[in-house]
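Every read-out reported here was derived from the displayed coordinates using simple, explicitly stated rules and does not represent laboratory data. Please read these numbers as outputs of a predicted model, since none were measured by experiment. Neighbour counts are summed over all protein chains in view; Cβ atoms, including those assigned to glycine, are modelled from backbone coordinates with ideal geometry.
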Amino acid sequence: MLKVLLAVAVLASQGAPSVAAGAEGVLPKGVVAKVGETPAQREARTAWWREARYGMFIHWDMSSMAGTEISWSRKGSKPLDNHGDPAGYIEDPAYDNLYKNFNPTNYDAKAWVKLAKAAGMKYLVFTAKHHGGFCMWDTKFTDYSIRNTPFKRDVLKELADACHAEGLRFGIYYSPRDWHHPDYGVGDNSKYVAYMDGQMRELLTNYGTVDVLWFDSYGKGDALNFWRIPETWALIKSLQPQVVINNRLAALSATNNPPLSRGDYNTPEQKLGIYQDTRLWESCMTIVDVRGGGWSYRPDGKVKPFGETVRMLVSCATGDGNLLLDVGPDATGVIPADQSDCLLKVGEWLKQNGESVYGTRGGPFKPGAYGGTTRRDKTIYVHVFNWPESGPLKLPNVAAKLVGARLLAGGKGDAAQTESGLEISVPEISRQKAVTVIALEFDSDVMKFPAAVTAPLAALELK
Ligand code: H79
């Protein structure tokens, strides 16, 4: 054990991103492999991601032709999974042949990137391969790819190039599950793992800088030795050491000995994370509400209203986390107008209020029914969802002197600091429907305060 720790320390001091693994690549029980970097190095590597706060998730493949849920609506066997009816199936022969007619001639990677930027998003994560196994890039490892559609173009390459040209961070979603691949879950799974590692090498070699790798989790029934996580991890780190990786490739090893690594951040799915400032996190949410997911194009779904969408973003930021908001382009390659309209409204909101989101940290007051707070340097941004029925909004005090206040969207209000706490009053006319943001300026740093629970809701007299 001591030896392993010493080895890790040496690696860290050289700044070499490496993984400490046992002779066979699988670590002895109880030993924690560590990526060879110090906490400070990790923080520097992931700083852009935390400051970004808001990203676009895109689920897209030929399932958009049927308008049914990506992968899940393929009725065929789902090895190692036992999930139920995802709002209907289309029969296998139909699903498995969709790609032969997939010709999204309106696909314009630059338009997607432009939309993401106008929406105020700072990064993008695209489904290179979902559980159904279809590959949206020109892979040499299978014929089941975009190369063999009438469209032929390497969708992933065009998107990577557009992101790099426009300065939007580029991320790849990859599902280790593969319900189409003949070797998945067969024998010891080693043939499939070789396929997956080969694809990792392709994705991390041919598409320029990859800023994020977003793995989905494993199916049920997988055994620990079914995967070669330390090798896969080392391969990734050797090719693109800067990449920010979510926690799901590591999920299996985290619940079984030996844990390898929990990745860089947690990924609550279709739920908003609660306040957490000791580890990075990102909620992934669909902009479309519909039974059975809503990740891919689902014309039977309903786009969330602007107010709910912007509050989701604020809930993540005030909880010290990110939001990865998912859209589903249609079969022609276009992100439907009802989705893009909502995104652009949030983008407009961010033009006025973005300073309270980007590059901030959550706190010093924890989110509650009133809303929540973010902070930077000497400023606390109070995001108000609900005002008290009468009187000012009351928050606990901080050990710094209040020296000014302003409403980010304009208008008038009052902020006061008394012995018992902070009091904020904003007349109806200056309140925003979705969320009102008040910047409170202090005479000294407000980052040092530990996150405090806000006053009990009853004391806030919330509606
Ligand atoms: O890619 C998206 C989902 O397809 C994927 N993760 C996000 C990012 C995912 N994989 N597994 N799960 C989500 C959990 C499975 C949930 C299910 Fe269901 C409940 C499967 C069947 C019922 C969701 C709802 C999928 C189909 C219906």
Inset, instruction - Return the loop-located trypsin sites (Lys or Arg not before Pro) in the stretch 377-434 (DSSP other than H, G, I, E, B) with at most 13 other Cβ atoms within 10 Å of their own Cβ; answer none if there are none. - result: Lys401, Lys412, Lys433
Inset, instruction - Take the alpha-carbon centre of the stretch 122-183, take the same for the stretch 324-400, and report the distance between them in whole Å. - result: 31
Legend entry - Among Trp72, Thr309, Asn148 - extreme Cα towards positive end, dipole of the chain, charges at beta-carbon: Thr309
Legend entry - Rounded, prolate or oblate (a/c below 1.5 giving rounded, otherwise prolate when a/b exceeds b/c) for the stretch 344-439 by Cα gyration tensor: oblate
Inset, instruction - Report, in debye and to the nearest 20, how large the dipole of the chain comes out about its Cα centre when Lys and Arg carry +1 and Asp and Glu carry -1 on their Cβ. - result: 600
Legend entry - Restraint check, Lys401/Lys433; Lys78/Lys129; Lys78/Lys100; Lys114/Lys351; Lys114/Lys304, Cα-Cα greater than 25 Å: Lys401/Lys433
Inset, instruction - For the chain, just say rounded, prolate or oblate: build the C-alpha gyration tensor, square-root its eigenvalues into a ≥ b ≥ c, call rounded for a/c under 1.5, and beyond that prolate if a/b exceeds b/c, oblate if not. - result: oblate
Inset, instruction - Calculate the dipole size of the stretch 331-463 relative to its Cα centre from +1 charges on Lys and Arg beta carbons and -1 charges on Asp and Glu beta carbons; express the result in debye to the nearest 20. - result: 200
Legend entry - DSSP loop GluC sites (Glu not before Pro) with at most 11 other Cβ within 10 Å excluded, longest remaining stretch of the chain: 92-388
Legend entry - Of Ile172, Val334, Leu422, farthest towards positive along the dipole that unit charges on Lys, Arg, Asp, Glu beta carbons give the chain: Leu422
Inset, instruction - Provide Val346, Val334, Val314 in ascending order of the number of other Cβ atoms located within 10 Å of each residue's Cβ, fewest first. - result: Val334, Val346, Val314
Legend entry - Cα lying deepest toward the dipole's positive end in the chain, options Gly413, Val403, Trp112, charges on Cβ: Val403
